[in-house]
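**Q** Here you go, one structure.
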Amino acid sequence: ICHSINLSKGFSFADDTKLIRNFSGEHCVQLLQEDLNTVIGWSHANNMELHEKKFEVVSYSLNASGSLRQLPFYSLTVEYHTPKGHTIIPQKVVRDLGVYISNDRSWSPHIEKTVQGAYVMAAWALSAFRDRSEVLMLTLYKSLVRSKLEYCCPVWNPSKLGDVRKLEDVQRSFTKKITGCKELSYYERLKKLRLLSLQRRRERYCIIHVWKKEKSTDCDSALIPLL
(Lines give C-alpha, C1' and ligand atoms only; values in the text may rest on other atoms or scores of the structure.)
Protein backbone atom coordinates (compact mmCIF):
# COMPACT_ATOMS: atom_id res chain seq x y z
CA ILE A 1 0.00 0.00 0.00
CA CYS A 2 2.88 2.39 0.80
CA HIS A 3 4.20 2.01 -2.78
CA SER A 4 1.00 3.55 -4.11
CA ILE A 5 1.42 6.73 -2.04
CA ASN A 6 3.28 9.39 -4.03
CA LEU A 7 2.63 12.77 -2.41
CA SER A 8 3.17 11.97 1.27
CA LYS A 9 5.09 9.53 3.41
CA GLY A 10 3.23 6.33 4.17
CA PHE A 11 3.92 3.83 6.93
CA SER A 12 2.19 0.54 7.67
CA PHE A 13 2.40 -1.90 10.55
CA ALA A 14 0.01 -4.85 10.82
CA ASP A 15 -3.43 -3.33 10.09
CA ASP A 16 -2.42 0.29 10.83
CA THR A 17 -1.47 2.75 8.10
CA LYS A 18 -0.31 6.35 8.54
CA LEU A 19 0.10 9.26 6.16
CA ILE A 20 2.55 11.99 7.13
CA ARG A 21 3.26 15.23 5.35
CA ASN A 22 4.97 18.54 6.08
CA PHE A 23 2.76 21.52 5.22
CA SER A 24 4.24 24.52 3.46
CA GLY A 25 1.01 25.98 2.09
CA GLU A 26 -2.69 25.41 1.45
CA HIS A 27 -1.93 23.24 -1.59
CA CYS A 28 -0.52 20.59 0.76
CA VAL A 29 -4.02 19.95 2.12
CA GLN A 30 -5.18 18.83 -1.32
CA LEU A 31 -2.07 16.70 -1.80
CA LEU A 32 -2.66 14.85 1.45
CA GLN A 33 -6.34 14.45 0.53
CA GLU A 34 -5.28 12.88 -2.79
CA ASP A 35 -3.08 10.36 -0.99
CA LEU A 36 -5.96 9.55 1.38
CA ASN A 37 -8.16 8.85 -1.64
CA THR A 38 -5.38 6.72 -3.10
CA VAL A 39 -5.22 4.57 0.04
CA ILE A 40 -8.98 4.09 0.06
CA GLY A 41 -8.94 3.26 -3.64
CA TRP A 42 -6.15 0.73 -3.10
CA SER A 43 -8.16 -0.99 -0.37
CA HIS A 44 -11.18 -1.32 -2.66
CA ALA A 45 -9.03 -2.68 -5.49
CA ASN A 46 -7.65 -5.32 -3.12
CA ASN A 47 -11.06 -6.32 -1.71
CA MET A 48 -10.43 -4.67 1.65
CA GLU A 49 -12.88 -2.50 3.53
CA LEU A 50 -11.42 0.25 5.71
CA HIS A 51 -13.35 1.44 8.76
CA GLU A 52 -13.57 5.08 7.79
CA LYS A 53 -15.08 6.12 11.13
CA LYS A 54 -11.82 5.07 12.77
CA PHE A 55 -9.75 7.43 10.64
CA GLU A 56 -8.03 10.08 12.76
CA VAL A 57 -5.89 13.12 12.06
CA VAL A 58 -3.55 15.00 14.36
CA SER A 59 -1.65 18.14 13.35
CA TYR A 60 1.36 19.84 14.86
CA SER A 61 1.74 23.60 14.59
CA LEU A 62 4.55 26.00 15.36
CA ASN A 63 1.89 28.46 16.52
CA ALA A 64 1.73 27.43 20.17
CA SER A 65 -0.68 30.24 21.11
CA GLY A 66 -3.57 28.58 19.31
CA SER A 67 -4.72 31.87 17.77
CA LEU A 68 -4.58 30.35 14.28
CA ARG A 69 -7.17 27.76 15.31
CA GLN A 70 -9.68 30.55 16.00
CA LEU A 71 -9.73 31.77 12.40
CA PRO A 72 -12.85 30.84 10.39
CA PHE A 73 -10.93 29.17 7.55
CA TYR A 74 -8.76 27.04 9.84
CA SER A 75 -11.01 23.97 9.54
CA LEU A 76 -10.38 23.92 5.79
CA THR A 77 -6.68 23.28 6.43
CA VAL A 78 -7.06 20.36 8.83
CA GLU A 79 -10.27 18.51 7.92
CA TYR A 80 -10.30 15.70 5.38
CA HIS A 81 -13.12 13.75 3.76
CA THR A 82 -13.64 10.18 2.63
CA PRO A 83 -15.48 9.17 -0.57
CA LYS A 84 -18.42 8.04 1.60
CA GLY A 85 -18.78 11.56 3.00
CA HIS A 86 -17.21 10.99 6.43
CA THR A 87 -15.35 14.04 7.76
CA ILE A 88 -12.08 13.36 9.57
CA ILE A 89 -11.85 15.96 12.33
CA PRO A 90 -8.52 16.74 14.06
CA GLN A 91 -8.09 15.17 17.48
CA LYS A 92 -6.13 16.48 20.44
CA VAL A 93 -4.94 12.97 21.35
CA VAL A 94 -4.74 9.85 19.17
CA ARG A 95 -3.68 6.32 20.01
CA ASP A 96 -1.03 4.80 17.76
CA LEU A 97 0.08 1.21 18.46
CA GLY A 98 -0.68 1.59 22.15
CA VAL A 99 0.96 5.00 22.57
CA TYR A 100 -1.12 8.16 23.01
CA ILE A 101 0.15 11.09 20.95
CA SER A 102 -1.05 14.64 21.60
CA ASN A 103 -1.11 17.60 19.24
CA ASP A 104 0.92 19.73 21.68
CA ARG A 105 3.83 17.23 21.56
CA SER A 106 3.38 16.38 25.23
CA TRP A 107 3.57 12.83 26.58
CA SER A 108 1.53 13.67 29.68
CA PRO A 109 -1.74 12.25 28.24
CA HIS A 110 -0.02 8.95 27.49
CA ILE A 111 1.58 8.81 30.92
CA GLU A 112 -1.77 9.56 32.57
CA LYS A 113 -3.42 6.70 30.67
CA THR A 114 -0.51 4.40 31.44
CA VAL A 115 -0.60 5.14 35.16
CA GLN A 116 -4.37 4.63 35.30
CA GLY A 117 -4.05 1.26 33.56
CA ALA A 118 -1.24 0.19 35.89
CA TYR A 119 -3.27 1.07 38.99
CA VAL A 120 -6.25 -0.89 37.65
CA MET A 121 -4.06 -3.94 37.03
CA ALA A 122 -2.40 -3.61 40.44
CA ALA A 123 -5.80 -3.42 42.14
CA TRP A 124 -6.95 -6.55 40.31
CA ALA A 125 -3.81 -8.47 41.29
CA LEU A 126 -4.09 -7.46 44.94
CA SER A 127 -7.76 -8.45 45.07
CA ALA A 128 -7.22 -11.78 43.32
CA PHE A 129 -4.33 -12.92 45.55
CA ARG A 130 -4.27 -12.69 49.33
CA ASP A 131 -0.64 -13.75 49.66
CA ARG A 132 1.70 -10.76 50.09
CA SER A 133 4.95 -12.71 50.06
CA GLU A 134 7.90 -11.23 48.23
CA VAL A 135 8.13 -13.92 45.54
CA LEU A 136 4.47 -13.81 44.54
CA MET A 137 4.13 -10.04 44.74
CA LEU A 138 7.22 -9.38 42.63
CA THR A 139 6.06 -11.93 40.07
CA LEU A 140 2.69 -10.22 39.79
CA TYR A 141 4.25 -6.77 39.68
CA LYS A 142 6.85 -7.53 37.03
CA SER A 143 4.52 -9.44 34.74
CA LEU A 144 1.29 -7.44 35.05
CA VAL A 145 2.02 -3.94 36.32
CA ARG A 146 5.55 -2.91 35.42
CA SER A 147 5.18 -4.19 31.88
CA LYS A 148 2.41 -1.62 31.36
CA LEU A 149 4.53 1.18 32.78
CA GLU A 150 7.45 0.48 30.46
CA TYR A 151 5.76 -0.25 27.14
CA CYS A 152 7.61 1.73 24.43
CA CYS A 153 9.22 3.91 27.11
CA PRO A 154 12.18 5.05 24.92
CA VAL A 155 9.58 6.85 22.81
CA TRP A 156 7.85 8.74 25.60
CA ASN A 157 10.46 8.84 28.40
CA PRO A 158 9.22 11.86 30.43
CA SER A 159 11.20 15.00 31.19
CA LYS A 160 8.58 16.61 33.45
CA LEU A 161 9.16 15.94 37.13
CA GLY A 162 5.41 15.53 37.71
CA ASP A 163 5.17 12.77 35.10
CA VAL A 164 8.22 11.01 36.54
CA ARG A 165 6.64 11.04 39.99
CA LYS A 166 3.30 9.72 38.72
CA LEU A 167 5.01 6.69 37.22
CA GLU A 168 7.22 6.11 40.24
CA ASP A 169 4.23 6.32 42.60
CA VAL A 170 2.81 3.12 41.13
CA GLN A 171 5.91 1.14 42.10
CA ARG A 172 6.13 3.01 45.41
CA SER A 173 2.56 2.02 46.28
CA PHE A 174 2.82 -1.62 45.21
CA THR A 175 6.10 -2.40 46.95
CA LYS A 176 4.78 -0.98 50.21
CA LYS A 177 2.20 -3.78 50.34
CA ILE A 178 4.83 -6.55 50.26
CA THR A 179 5.37 -8.39 53.54
CA GLY A 180 8.23 -6.86 55.53
CA CYS A 181 8.38 -3.65 53.50
CA LYS A 182 5.63 -1.51 55.01
CA GLU A 183 7.88 0.32 57.48
CA LEU A 184 10.77 0.84 55.05
CA SER A 185 11.34 3.93 52.94
CA TYR A 186 10.92 3.63 49.18
CA TYR A 187 14.63 3.33 48.41
CA GLU A 188 15.12 0.90 51.30
CA ARG A 189 12.39 -1.24 49.76
CA LEU A 190 14.09 -1.12 46.38
CA LYS A 191 17.35 -2.28 47.93
CA LYS A 192 15.66 -5.08 49.87
CA LEU A 193 13.70 -6.27 46.82
CA ARG A 194 16.66 -5.81 44.45
CA LEU A 195 14.71 -3.45 42.20
CA LEU A 196 15.72 -0.35 40.27
CA SER A 197 13.60 2.77 40.21
CA LEU A 198 11.45 3.08 37.10
CA GLN A 199 13.32 6.21 36.09
CA ARG A 200 16.63 4.37 36.23
CA ARG A 201 15.23 1.48 34.20
CA ARG A 202 13.94 3.85 31.50
CA GLU A 203 17.34 5.51 31.29
CA ARG A 204 18.94 2.12 30.78
CA TYR A 205 16.40 1.19 28.13
CA CYS A 206 17.16 4.40 26.24
CA ILE A 207 20.93 3.86 26.44
CA ILE A 208 20.59 0.32 25.14
CA HIS A 209 18.30 1.46 22.33
CA VAL A 210 20.67 4.23 21.21
CA TRP A 211 23.63 1.82 21.37
CA LYS A 212 21.77 -0.64 19.17
CA LYS A 213 21.02 2.13 16.69
CA GLU A 214 24.63 3.25 16.64
CA LYS A 215 25.75 -0.32 15.98
CA SER A 216 23.14 -0.59 13.21
CA THR A 217 21.70 -3.79 14.62
CA ASP A 218 18.11 -4.89 14.68
CA CYS A 219 16.21 -2.30 16.73
CA ASP A 220 13.41 -4.77 17.44
CA SER A 221 15.78 -6.50 19.85
CA ALA A 222 16.99 -3.24 21.39
CA LEU A 223 14.38 -3.21 24.12
CA ILE A 224 15.65 -6.28 25.93
CA PRO A 225 13.91 -7.11 29.19
CA LEU A 226 15.48 -5.99 32.44
CA LEU A 227 15.26 -8.47 35.28
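The values are calculated or read from the model by the stated rules, or taken from the named source; none is laboratory data. This one's a predicted model, so the numbers in the text were calculated from it and none came from an experiment. Reconstructed Cβ throughout: ideal geometry from the backbone, glycine too, with neighbour counts over all protein chains shown. Just so you know, the surface numbers come from the protein's heavy atoms only, side chains and all, with ligands and any DNA or RNA stripped out. Shrake-Rupley method; radii C 1.70, N 1.55, O 1.52, S 1.80 Å.
**Q** Helix-derived [θ] at 222 nm for the chain: sum -39500 (n - 2.57) over DSSP H runs of at least 4, divide by residue count, nearest 500?
**A** The helix-only estimate for the chain comes to -13000 deg cm²/dmol at 222 nm.
**Q** Another one. Please compute the Kirkwood hydrodynamic radius of segment 74-146 from all pairs of different C-alpha atoms, in Å with one decimal.
**A** 15.5
**Q** Right, another one. Considering only Val135, Val164, Val115, give the residue with the highest GNM mean-square fluctuation for the chain, with springs between Cα atoms whenever their separation is below 10 Å.
**A** Val135
**Q** Subtracting the Cα-Cα distance from 0.36 nm times the residue separation, let me have the gained length for Asn47 to Asp131 in nm, one decimal.
**A** The Asn47-Asp131 span can extend by a further 24.9 nm.
**Q** Find which of Trp156, Leu97, Leu195 sits farthest along the positive direction of the dipole of the chain, computed with +1 on the beta-carbon of Lys and Arg, -1 on that of Asp and Glu, about the Cα centre.
**A** The Cα lying farthest towards the positive end belongs to Leu195.
**Q** Another question about this same structure. If I model a spin label as a point 7 Å beyond the Cα along the Cα-Cβ vector, how far apart are those points for Val58 and His3 in nm?
**A** Label at Val58, label at His3, 3.0 nm between them.
**Q** With all protein chains present, how much of the accessible area of the chain (probe radius 1.4 Å) comes from carbon and sulfur, to the nearest whole percent?
**A** Of the solvent-accessible surface of the chain, carbon and sulfur hold 56 percent.
**Q** Mind checking which of Gly85, Gly117, Gly162 has the largest fluctuation in a GNM of the chain, springs on alpha carbons under 10 Å?
**A** Gly85
**Q** As a quick test, which of the pairs Lys113/Lys148; Lys142/Lys177; Lys160/Lys191; Lys18/Lys212; Lys92/Lys142 have an alpha carbon distance above 20 angstrom in this structure?
**A** Checking Cα-Cα distances, Lys160/Lys191; Lys18/Lys212; Lys92/Lys142 exceed 20 Å.
**Q** Separate question: Which value, in debye to the nearest 20, gives the size of the charge dipole of the chain about its Cα centre, when Lys and Arg are +1 and Asp and Glu are -1 at the Cβ?
**A** 1360
**Q** Name the most mobile residue of Asp15, Asp96, Asp131, meaning the one with the largest mean-square fluctuation, in a Gaussian network model of the chain with Cα contacts below 10 Å.
**A** Its mean-square fluctuation being the largest, the pick is Asp15.
**Q** Now for a separate question. Cross-link partners among aspartates and glutamates for Lys166, C-alpha distance below 18 Å, same-chain residues fewer than 8 apart left out?
**A** Partners within reach: Glu112, Glu150, Glu203.
**Q** Another question about this same structure. Considering the options Gly117, Val135, Ile207, tell which one lies farthest towards the positive end of the dipole of the chain, charges being +1 on Lys and Arg and -1 on Asp and Glu at the Cβ, about the Cα centre.
**A** Val135
**Q** Only one of the values [x] -0.34, -0.54, -0.64, -1.08; [y] -0.27, -0.44, -0.54, -1.10; [z] -0.21, -0.36, -0.44, -1.00 was calculated from this structure for log10 I(q)/I(0) by the Debye sum over Cα atoms at q = 0.07, 0.09, 0.10, 0.15 Å⁻¹; name its label.
**A** [x]
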